[in-house]
Amino acid sequence: MSEIYGGCRCGAVRYTLALKALPSTYACHCRDCQTWSGSAFSQQTFAPEAALSVTGPVVLYELTTPSGRISTQRMCGVCHTRIYNSNSARAGVVVVRAGTLDRSDELNIVAHIWVKRKQPWLALPDGVATWPESAPPAELQQALTGH
Ligand SMILES: [Zn+2]
Ligand SMILES: [Zn+2]
């Protein structure tokens, strides 16, 4: 095991992910992710909650999704960078905003969800997995990890 590091814009929140290597990531092009990120898509990855350790002033924002799940978002309490979230539908798993990883310049995006909302100027490379809306969790996991 090596450790993967990340943190917020201001540096008050830092985290480590106990993973063997940088994780593969996916992009979500849904309207909520566009609004929330102020950008064309969000870039995310899954990790076991047990692999994540966080220091600093984390604040929570909880919302109920249209399907009735509770999504708990964690942000830096100083600069409000969104770091990761968990969801009541997936115990023990966290969804990390991959752009907060220190080595974000080395990341690959191997899957795209909600591509029916994708901004039209953005051309996806051949061979990446895409779904028009959200992906079944097992299929997205397969695309990210190969198993
Ligand atoms: Zn911060
Ligand atoms: Zn989204």
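Once you order the gyration tensor axes a ≥ b ≥ c over the Cα atoms, which shape class does region 48-100 get: rounded for a/c under 1.5, otherwise prolate or oblate by comparing a/b with b/c?
In terms of gyration-tensor shape, oblate.
Of the accessible area of region 43-135, with the probe set at 1.4 angstrom, what percent is carbon plus sulfur?
52
For region 53-133, which trypsin sites (Lys or Arg not before Pro) are in a loop by DSSP, counting at most 15 other Cβ atoms within 10 Å?
Numbers: sites: ARG69, ARG74, ARG82, ARG90, ARG97, ARG103, LYS116, ARG117, LYS118; in loops: ARG69, ARG103, LYS118.
The qualifying sites are ARG69, ARG103.
Kindly provide the trypsin sites (Lys or Arg not before Pro) of region 1-51 that DSSP labels as loop, not H, G, I, E or B, and whose Cβ sees at most 16 other Cβ atoms within 10 Å.
When the trypsin sites (Lys or Arg not before Pro) of region 1-51 are filtered for loop state and at most 16 Cβ neighbours within 10 Å, ARG9, LYS20 remain.
Using a ≥ b ≥ c from the Cα gyration tensor of the chain (square roots of the eigenvalues), is it rounded, prolate or oblate, where a/c under 1.5 gives rounded and otherwise the larger of a/b and b/c decides, a/b for prolate?
Rounded, since a/c falls under 1.5.
Relative to the Cα centre, what is the charge dipole magnitude of the chain, using +1 at the beta carbon of each Lys and Arg, -1 at the beta carbon of each Asp and Glu, and rounding to the nearest 20 debye?
280
For every other residue with a beta carbon closer than 9 angstrom to the beta carbon of ILE83, add +1 if it is Lys or Arg and -1 if Asp or Glu, then tell me the sum. Numbers along the way, then the final one.
Working: positive: ARG74, ARG82, ARG97; negative: none.
Summing Lys and Arg as +1 and Asp and Glu as -1 gives +3.
Once a ≥ b ≥ c are taken as the square roots of the eigenvalues of the Cα gyration tensor of region 90-139, is the result rounded (a/c under 1.5), prolate (a/b larger than b/c) or oblate (a/b not larger than b/c)?
Oblate is the answer for region 90-139, as a/c is 1.5 or above yet b/c matches or exceeds a/b.
Could you work out the relative contact order of the chain? I mean the mean sequence separation of Cα pairs under 8 Å and 6+ apart, divided by the number of residues, in percent.
26
For the chain, what is the calculated [θ] at 222 nm in deg cm²/dmol (nearest 500), taking -39500 (n - 2.57) for each run of four or more DSSP H residues and dividing by its residue count?
Mean residue ellipticity, 222 nm, calculated: -3000 deg cm²/dmol.
Run through region 79-147 and list the chymotrypsin sites (Phe, Trp or Tyr not before Pro) located in a DSSP loop whose Cβ has at most 10 other Cβ atoms within 10 Å.
Answer by residue number: TRP121.
The values are calculated or read from the model by the stated rules, or taken from the named source; none is laboratory data. These figures come from a predicted structure and were not determined experimentally. Note that each Cβ is placed from the backbone with ideal geometry, even for glycine, and that neighbours are counted across all protein chains shown. Surface areas here come from the heavy atoms of the whole protein model, side chains and all, with no ligands, DNA or RNA. Shrake-Rupley method; radii C 1.70, N 1.55, O 1.52, S 1.80 Å.
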